[in-house]
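Undergrad: One structure, as structure tokens, below. Some questions next.
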Amino acid sequence: MVLERTEYLNKMIAFKDKQLIKIVTGVRRCGKSTLFTIYQEWLRKQGVSDGQIITINFEDMDYEALTDYKALYAYLKRRCRKDSMTYVFLDEIQHVDHFPKVVDSLYIKDNVDIYITGSNAYMLSGEIATMISGRYVQIEMLPLSFKEYMQSTGNMNDRGMKYT
């Protein structure tokens, strides 16, 4: 069972198609990649085709060749659509040297909606934050709240408590 994490999903939905780089940060294993998957499913339910969604997880060896920023940019540029919005999801982007150059170049393109994740410490360090300053919104994910944990166990009435 995948817990939807509605609070974070709603934030993603609120920023959909806005000319902002959406940066999802948080500790390891808090659900950033899963949030991307849930949001992509939501996009599909809204009529977005698979061809409009590009997803790369840089922890997957299948994408190791794309950790070169020039190769990544060329790959994304080839796949971006000119006639409709392309949703680009770059997971654990800190593995790409000079990735702000790629993100900044995508940012200025028409019909590109950019979502990235990475480690908190690296993603919002001074140099990177300066390079994309004024162009991003941060969505900071936390581990499960107690309420979310209780929902995930299917036992919302443990010890007679009510959670709404």
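The values are calculated or read from the model by the stated rules, or taken from the named source; none is laboratory data. Nothing here was measured: the structure is a model prediction, and the numbers come from that model. Note: ideal-geometry Cβ built from the backbone for every residue, glycine included; neighbour counts use all protein chains shown. With ligands, DNA and RNA removed, areas are computed over all heavy atoms of the protein, side chains included. Shrake-Rupley method; radii C 1.70, N 1.55, O 1.52, S 1.80 Å.
Undergrad: Answer yes if at least one residue in segment 42-55 is modelled with pLDDT under 90 and either among the aliphatic types (A, V, I, L, M) or touching a helix residue (DSSP H, G or I) at 6+ places or on another chain (Cβ under 6 Å) (or both), and no otherwise.
TA: There is no residue in segment 42-55 that is modelled with pLDDT under 90 and either among the aliphatic types (A, V, I, L, M) or touching a helix residue (DSSP H, G or I) at 6+ places or on another chain (Cβ under 6 Å) (or both).
Undergrad: Determine which single condition residue 107 fails, assuming it passes every other condition in (1) open to solvent by less than 20 Å² (accessible area, probe 1.4 Å); (2) of a type outside the set (A, V, I, L, M, F, W, C); (3) touching a residue at least 40 places away in the same chain (Cβ under 8 Å).
TA: Of everything listed in (1) open to solvent by less than 20 Å² (accessible area, probe 1.4 Å); (2) of a type outside the set (A, V, I, L, M, F, W, C); (3) touching a residue at least 40 places away in the same chain (Cβ under 8 Å), residue 107 misses just condition (1).
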